[in-house]
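Reviewing the structure listed below.
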Amino acid sequence: MEVVASAPAKVILLGEHFVVYGEPAIVLAIDKRAYAKVSRREDKKLHIRSANLNMAGYFEDGSFKIEQGEAKEARMKFDPVKNTIENILQKREERVGLNVEINSTVPVGAGLGSSAAVVAATAAATAELLEVKLTKEDIFRITCEAEKIVHGTPSGIDPAISTFGGTLLFQMDTGFKPLDSKTQIPLVVGDTGVERSTRIQVEKVRSLVDKYPRVAESIMKAGREVVLRAIEALKENDLETLGALMNINHALLYGIGVSDESLEWLTSAGRKAGALGAKLTGAGGGGCMIALTREEKIQPVLEAIQRAGGRAFLARKTDEGVRIESG
Ligand code: PMV
């Protein structure tokens, strides 16, 4: 018997970075999912294979053996999956060996929440296979713990969106609030292919805030107004306003130094090709951008972003969080 579960990736629609300073952000689950297939083994090994990363190896009695890929990197990627499975196994007396196969349609390391989606899907599939009852809140908590291994002190956005799906308003002091939005939000995602580190980008903003506190404060305040106005635009199904707000948000992010040349190329190519608005998404300094696009402009925007050097794909908002696919 094997069980397959999946969980969605995310994009930050508005408010990244400012959210670290207590301002609100809007996050969407997108229809790109990570899949985990889990089955039992005869022995006690935990065997993990990632089709996308071309990595495979197993954990046995506390040590890790590599079968495919570079050992240190594979261990780093697989540790959150191992942690998640151990967390679930703790709820059972018996020790069991498992095969975990990860397959993802989410670009890895690009700020789209692929690691949280993989962990949430693994947790759901493992629990179903071993008949351990987990609520969505349990999966969220387990995914948060695993994300701590990857990111140190993550805000919890990625685990929340990959578990619950939909559209979330997030703020540090109040947490997550689902935004019941019926608006279709067709986005072209452009991956610059430029590697970046969220931690370094967050530190960069911190030093700017320390150096020019009053200027930074005004930018953050503008960021908050952008998000508050966007909540109205979502209620009113007003994509034009949403696009304009995305452009303003991008300018504010540029102001705090987290855009780069690759992101500027892709956002301006998207706008020129007819997007209603375009901005970087996530930490910036490379990674991904998003362009809000009416149906008839999707193809030209996608092609323009590709011509400007990005790997582009269409993403739509999804309400479906983590779910069992089969088993
Ligand atoms: O890691 P990413 O690209 O999803 O970006 C994280 C968003 C930040 O606001 C920059 C940091 C955070 O912890 O919220």
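The values are calculated or read from the model by the stated rules, or taken from the named source; none is laboratory data. It should be emphasised that the depicted structure is a prediction, and the values quoted were computed from it without experimental measurement. Here the Cβ positions follow ideal geometry from the backbone for every residue, glycine too, while neighbour counts run over all protein chains shown. In case anyone asks, the SASA skips ligands and DNA or RNA and just uses the protein heavy atoms, side chains included. Shrake-Rupley method; radii C 1.70, N 1.55, O 1.52, S 1.80 Å.
Across the chain, Cα-Cα distances exceeding 34 Å account for 24% of all pairs.
Computed 3J(HN,Hα) for region 84-101, one whole-Hz value per residue from the Karplus formula 6.51 cos²θ - 1.76 cosθ + 1.60 where θ = phi - 60°, is 5, 5, 4, 4, 6, 5, 4, 6, 10, 6, 6, 8, 10, x, 9, 9, 10, 10, glycine and proline marked x. Projected label points at Asn52 and Asn237, each 7 Å from Cα along the beta carbon direction, are separated by 3.3 nanometres. In this simple spin-label model, placing a label point 7 Å from the Cα along the Cα-to-Cβ direction at both Met172 and Ile149 gives a separation of 2.7 nm. Each part gets one Cα centre, and for region 288-302 versus region 249-269 those centres are 17 Å apart. Each residue of region 102-111 is assigned a 3J(HN,Hα), and the resulting list reads 10, 9, 9, 9, 9, x, 8, x, 10, x Hz, derived from the Karplus form 6.51 cos²θ - 1.76 cosθ + 1.60 (θ = phi - 60°), x at Gly and Pro. A 1.4 Å probe run over region 217-302, with the rest of the protein chains in place, finds 40 Å² accessible per residue. Here's how it looks for Asp319: its modeled amide H is under 5 Å from those of Gly166, which are all 5 or more places away or on a different chain. Note on the chain: with charges restricted to the Cβ of Lys and Arg (+1) and Asp and Glu (-1), its dipole about the Cα centre is near 260 debye. Taking the Cα centre of region 134-181 as origin and assigning +1 to Lys and Arg Cβ atoms and -1 to Asp and Glu Cβ atoms, the resulting dipole is close to 20 debye. Ordering Lys45, Lys37, Lys91 by accessible surface, largest first, gives Lys91, Lys37, Lys45; the 1.4 Å probe counts only protein heavy atoms, with every chain in place. Remark: relative contact order (the chain) = 26 percent; criterion is Cα-Cα distance under 8 angstrom and separation of 6 or more residues.
With all protein chains kept in place, the per residue accessible area of region 1-82 amounts to 41 square angstrom at a probe of 1.4 angstrom. Counting other C-beta atoms within 10 Å, and keeping those with at most 12, which DSSP coil trypsin sites (Lys or Arg not before Pro) do you find in region 100-156? Answer in residue order: Lys133.
For the set Met76, Met246, the ranking by accessible area, highest first and with no ligand, DNA or RNA atoms included, is Met76, Met246 under a 1.4 Å probe.
Carbon-plus-sulfur accessible fraction, the chain (probe radius 1.4 Å, protein heavy atoms only): 50%. The residue list Ile12, Cys288, Ser207 was ranked by how far each Cα lies along the charge dipole of the chain toward its positive end, using unit charges on Cβ atoms, and Ser207 comes out on top. Taking label positions 7 Å along the Cα-Cβ direction at both Arg41 and Tyr21, the computed distance is 4.9 nm, reported to one decimal. Scaled against the 2.2 N^0.38 Å expected of a compact globular protein of N residues, the Cα radius of gyration of region 103-209 reads 1.19. Solvent exposure of region 115-186 amounts to 43 Å² per residue of accessible area, where only protein heavy atoms count and the probe is 1.4 Å. Between Val96 and Glu137, the FRET efficiency from the beta-carbon distance, with R0 = 22 Å, is close to 0.35.
Note on Arg307 and Ser326: the extension gain reaches 3.0 nm, defined as 0.36 nm multiplied by sequence separation minus the Cα-Cα distance.
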